[in-house]
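Q: I am attaching a structure below and will ask some questions about it afterwards.
All of the numbers you see were taken from the coordinates with simple rules; none came from a lab. Computed from a prediction, not measured in an experiment: that's the story for all the values here. Neighbour counts are summed over all protein chains in view; Cβ atoms, including those assigned to glycine, are modelled from backbone coordinates with ideal geometry.
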Amino acid sequence: MNTSVGGSIQGQLTARRVFNGNNMQAYPYTPTSGLLSGETITAENFTFEPGFRFDVEFGYNIYDWLAVSLQSGVIYNALDQYNVSVSTPFSFNGQSYNAGSYQLPADGELLQVPIQIDGILRWPGKTAFKPFIGGGVGAIWQQLDVNNITLGTSNIQANYCRSAFQFGYNAQLGANYTVAPGVDFYGVFKLLGAFTPRIGNYDFENSYNFALEAGIQSRF
């Protein structure tokens with residue numbers, strides 16, 4: 001059994017397609033409601049602040065050098081910016097804006113819960129220090145919340161909250177150090193990826209999350 005915690009960095013979520021009210025449409029598109037209603041949007045993406053990751057893992061050592069496990073946990077990254085590009089001028093709350101790209105401060109978060117099967121390869125032998133490498137596949141539950149967006153002096157309530165299960169994969173690289181019989185401390189670098197996730201109104205390009213964790217392993 002493993003338990004670990006650490007920091008995470010979420011890659012930018014770049015929209016590939018967006019729901020236009022009838023179907024998923026590639027960019028550019030013209031929304032019929034909301035902040036940029038009637039304007040031509042050529043790109044949208046979301047960027048995130050560094051966050052945290054907490055994991056638990058239950059496994060079985062088939063051999064000294066090979067194990068399989070079930071991994072789950074939670075990953076949290078606060079929303080930093082909503083970035084949008086428009087090809088036409090627009091106005092909002094009496095202010096005029098030119099065509100171009102805008103990096104708008106935003107409040108919200110991305111939550112991710114992976115539930116995946118892993119395979120782990122360890123350095124064999126009875127040494128205290130054992131490097132390992134692993135990876136696996138499974139489901140990822142993702143929820144994107146956008147509470148509000150700031151445009152100029154205006155604070156705009158977005159009230160966007162959507163979630164979905166995706167197929168994803170993970171990879172990890174780290175090392176264990178035995179401190180007592182059946183007890184190890186370990187450090188690990190983890191990658192979590194999702195293929196072209198759809199979260200509510202958006203189809204995104206591939207999603208990547210990177211984490212660096214420290215943990216404890218109990219073997220019994």
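Q: Please name whichever of ILE120, ASN45, GLY138 sits farthest to the positive end of the charge dipole of the chain, dipole taken about the Cα centre and charges placed at Cβ: Lys and Arg +1, Asp and Glu -1.
A: Projecting each Cα onto the dipole axis, the largest value belongs to ILE120.
Q: Also: So how strong a dipole does segment 1-133 carry about its Cα centre when Lys and Arg Cβ are +1 and Asp and Glu Cβ are -1, to the nearest 20 debye?
A: 380
Q: Calculate the length of the line joining the C-alpha centroid of segment 157-177 to that of segment 94-132, in whole Å.
A: Taking the Cα centre of segment 94-132 as reference, the centre of segment 157-177 is 6 Å away.
Q: Under 11 Å from the Cβ of TYR29, count the other residues' Cβ atoms, weight Lys and Arg +1, Asp and Glu -1, and hand me the total.
A: With Lys, Arg at +1 and Asp, Glu at -1, the net is -1.
Q: I've got another one for you. Taking the number of other C-beta atoms within 10 Å as the exposure measure, put TYR102, TYR63 in order starting with the fewest.
A: Fewest-to-most Cβ neighbours within 10 Å comes out as TYR63, TYR102.
Q: Also, I was wondering about something else. Suppose we keep just the alpha-carbon trace of the chain; what are its Rg and Dmax in angstrom?
A: 21.3, 72
Q: Among GLY182, THR30, ASN93, whose Cα projects farthest towards the positive end of the dipole of the chain, with charges put on the beta-carbon of Lys, Arg (+1) and Asp, Glu (-1)?
A: Farthest along the dipole direction, towards plus: GLY182.
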